[in-house]
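Each remark here refers to the structure printed beneath this line.
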Amino acid sequence: PETRHMLDAGSFDLMKSHAVVVNTARGGIIHEGALAEALAGGKIGGAGLDVLETEPPAPDNPLLHLDAAVVTPHIAWYSEESFKKDMEQGMDEVIRVLNGRRPRYIVNPEIFGRREGA
């Protein structure tokens, strides 16, 4: 089946020549070939990508060789402050659970209220 992208050649054709595409979500939402063509042809001004369709990218991925593209290795979130905050929040959650309290950040809250063995 054909893959659908949120941003493809048609999307880039509608953008202004100084537009900058930024993707920190998922690599598959942008058609990378169309993006590379739009950048190389000057249809758009630039791209900042923290995610790609394939990670790690192949060395011959054209986006890695375009001056108008900045590609980071899926760590654009990183700073000393954010790293420290992540560690502190993680430890706070562990301490909460070890003290018999409910964690704040729950992916599957439906597990609370179940009885063991149920």
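The values are calculated or read from the model by the stated rules, or taken from the named source; none is laboratory data. Given the structure is predicted, the values throughout are model-derived calculations rather than measurements. So basically every Cβ, Gly included, is an ideal-geometry build from the backbone, and we count neighbours across all protein chains shown. We work out accessible area using only protein heavy atoms, side chains counted, and drop any ligands, DNA or RNA first. Shrake-Rupley method; radii C 1.70, N 1.55, O 1.52, S 1.80 Å.
Things to note:
- Applying the condition of being under 18 Å from residue 73 (Cα atoms) and not in a strand (DSSP E or B) to the range 17-30 and asking which residue is most open to solvent (accessible area, probe 1.4 Å) yields 26.
- Odd one out for residue 38 among (1) under 23 Å from residue 4 (Cβ atoms); (2) more than 20 Å from the chain's Cα centre (by Cα); (3) open to solvent by 90 Å² or more (accessible area, probe 1.4 Å): (3)
- Residues (crowded, with 18+ Cβ neighbours inside 10 Å and either in a strand (DSSP E or B) or free of Cβ contacts under 8 Å to residues at least 12 places away in the same chain (or both)) located in the range 41-51: 47, 49
- Residue within the range 7-16 that is more than 15 Å from residue 71 (Cβ to Cβ), surrounded by 15 or more Cβ atoms within 10 Å (Cβ to Cβ), modelled with pLDDT of 95 or more and among the basic types (Lys, Arg) present: no
- The range 52-74, residues that are touching a helix residue (DSSP H, G or I) at 6+ places or on another chain (Cβ under 8 Å) and either under 15 Å from residue 38 (Cα atoms) or open to solvent by less than 50 Å² (accessible area, probe 1.4 Å) (or both): 52, 57, 61, 62, 63, 66, 68, 69, 71
- Qualifying residue in the range 89-109 (condition: at pLDDT 90 or above and within 29 Å of residue 48 (Cβ to Cβ)): yes
- Residue pairs whose Cβ atoms lie under 9 Å apart, sitting 6 or more positions apart in sequence or on different chains, and linking a residue in the range 52-75 that is closer than 19 Å to residue 6 by Cβ to a partner that is open to solvent by 90 Å² or more (accessible area, probe 1.4 Å) and charged (D, E, K, R), are 53/26.
- Here residue 107 passes the criteria (1) touching a residue at least 24 places away in the same chain (Cβ under 8 Å); (2) open to solvent by 100 Å² or more (accessible area, probe 1.4 Å) except the one numbered (1).
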